[in-house]
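Below is one structure; the comments refer to it alone.
The values are calculated or read from the model by the stated rules, or taken from the named source; none is laboratory data. Just so it is clear, the structure is predicted and the values come from calculations on it, not from any experiment. Neighbour counts run over all protein chains shown; Cβ positions are idealised from the backbone, glycine included.
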Amino acid sequence: MYTDLFGNTRCRVNLHTHTTLSDGARSPAEVARLYHDAGYDALALTDHWTYGEAGEFEGMTILSGAEYNVKVCSTRQGLFHIVGVGMTQDPELPFQSTVQEIIDGLRRVGGLVILAHPAWSLNTPAQILPLKYVDATEIYNTVSGVHMSRRPDSGLIVDMLGAQGRLYPLIADDDAHFYDNDCCRSWIMVQTDDNRREALLHAVRTGRFYATQGPEVHLWREGDEMVVRCSPCEEIGFLSDWVISRRMFTGHGLTEARYRIDPNEHYVRAEVTDCEGRRAWTNCVAL
């Protein structure tokens, strides 16, 4: 566990990765060892259509998980991948389930429902908005920028959804498959001193975390301003559903920035980048 800039305890968590039980290059035991030794407090093994049992590995929580993809032949039809985490039992979903049937099935067994890599999948807001009961979405997916498509960042889709009033908690995940340079790169820092299932799922559902590749970042409102506090960074950016006004701040070792809210904005989120090019993302703050 880790202590943040404000003295809060946080757990380092990866909610999306693969093993030899589907198309990953390492066994479940090897993956657990890798993430444990990298300092993670919790990990979900989310093989394709394969239920990964909950457990524990030398103090690191193993959350149950699986990834389910909708069986379509074209992105025009909606090529959805849904990650379920923390289920109390195997949802036993039929292989030809629709995306909403997958979501509903995961919820029935207590699962956290994450829309995986919408940029990689070319999911459009028109395809996403009809979905009910999605708990979070990935804003960054490591493997999508390494092996898959050079579309790891779903920030544009997040902002288009936000412009339509849909604000999801934002996850960063590895989705590691080959374990060369796609692992231990992106994660979430969850505000809790308890790394067990119930505490972690509640914190994620209520947005008590930030997504990161290393930097620490926090965002809050003070009067008519939004404030970022972060570990030393080279860039701090405020993003929203409005496109005018100065909102990107650059310099060496920045640790704070303020941005005056525009009357046309309905939410604000923040991104920071450190001197090594590593990034971090806050959740959206509704205005």
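May I ask you to verify whether V85 is in contact with a Phe, Trp or Tyr (Cβ under 8 Å, 6 or more places away or on another chain) and buried (at least 21 other Cβ atoms within 10 Å of the Cβ)?
On the way: in contact with a Phe, Trp or Tyr (Cβ under 8 Å, 6 or more places away or on another chain): no; buried (at least 21 other Cβ atoms within 10 Å of the Cβ): yes.
Spelling it out, it is not the case that V85 is in contact with a Phe, Trp or Tyr (Cβ under 8 Å, 6 or more places away or on another chain) and buried (at least 21 other Cβ atoms within 10 Å of the Cβ).
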*Among the candidates V113, V85, single out the residue that is out of contact with any Asp or Glu (no Cβ under 8 Å at 6 or more places or on another chain) and of a type in the set (A, V, I, L, M).*
V85
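For the stretch 33-41, indicate whether the set of residues that are under 25 Å from H218 (Cα atoms) and in contact with a Phe, Trp or Tyr (Cβ under 6 Å, 6 or more places away or on another chain) is non-empty.
So far as the stretch 33-41 goes, no, none of its residues is under 25 Å from H218 (Cα atoms) and in contact with a Phe, Trp or Tyr (Cβ under 6 Å, 6 or more places away or on another chain).
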*asked:* Of everything in the stretch 203-235, what is out of contact with any strand residue (DSSP E or B) (no Cβ under 9 Å at 6 or more places or on another chain) and within 20 Å of G7 (Cα to Cα)? Give them in sequence order.
replied: T206
*Considering each residue of the stretch 143-167, count those that are touching a strand residue (DSSP E or B) at 6+ places or on another chain (Cβ under 7 Å) and buried (at least 22 other Cβ atoms within 10 Å of the Cβ), and give that number.*
5
*Please verify whether the stretch 65-82 includes one or more residues that are under 21 Å from N141 (Cβ atoms), within 21 Å of the chain's Cα centre (by Cα), surrounded by fewer than 24 Cβ atoms within 10 Å (Cβ to Cβ) and hydroxyl-bearing (S, T, Y).*
no
*Determine which member of the set M148, M160 is modelled with pLDDT under 95, of a type in the set (A, V, I, L, M) and closer than 21 Å to G78 by Cα.*
M148
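Condition (residue is small (G, A, S), within 20 Å of the chain's Cα centre (by Cα) and either part of a loop (DSSP other than H, G, I, E, B) or closer than 19 Å to V85 by Cα (or both)) applied to the stretch 17-36: is it met by at least one residue?
Here is the first cut: in the stretch 17-36, the ones small (G, A, S) are 22, 24-25, 27, 29, 32.
When the remaining residues are screened for being within 20 Å of the chain's Cα centre (by Cα), the result is 24, 32.
Next, from what is left, pick out any that are either part of a loop (DSSP other than H, G, I, E, B) or closer than 19 Å to V85 by Cα (or both): 24, 32.
The answer is yes; a qualifying residue exists.
Do any strands (runs of 3 or more DSSP E) lying entirely in the stretch 233-283 carry at least 1 residues that are without any contact (Cβ under 8 Å) to a residue 40 or more places away in the chain, and which ones are they? So that I can check it myself, show each step before the final result.
Details: elements: 248-260, 267-273, 279-281.
Ranges flagged: 248-260.
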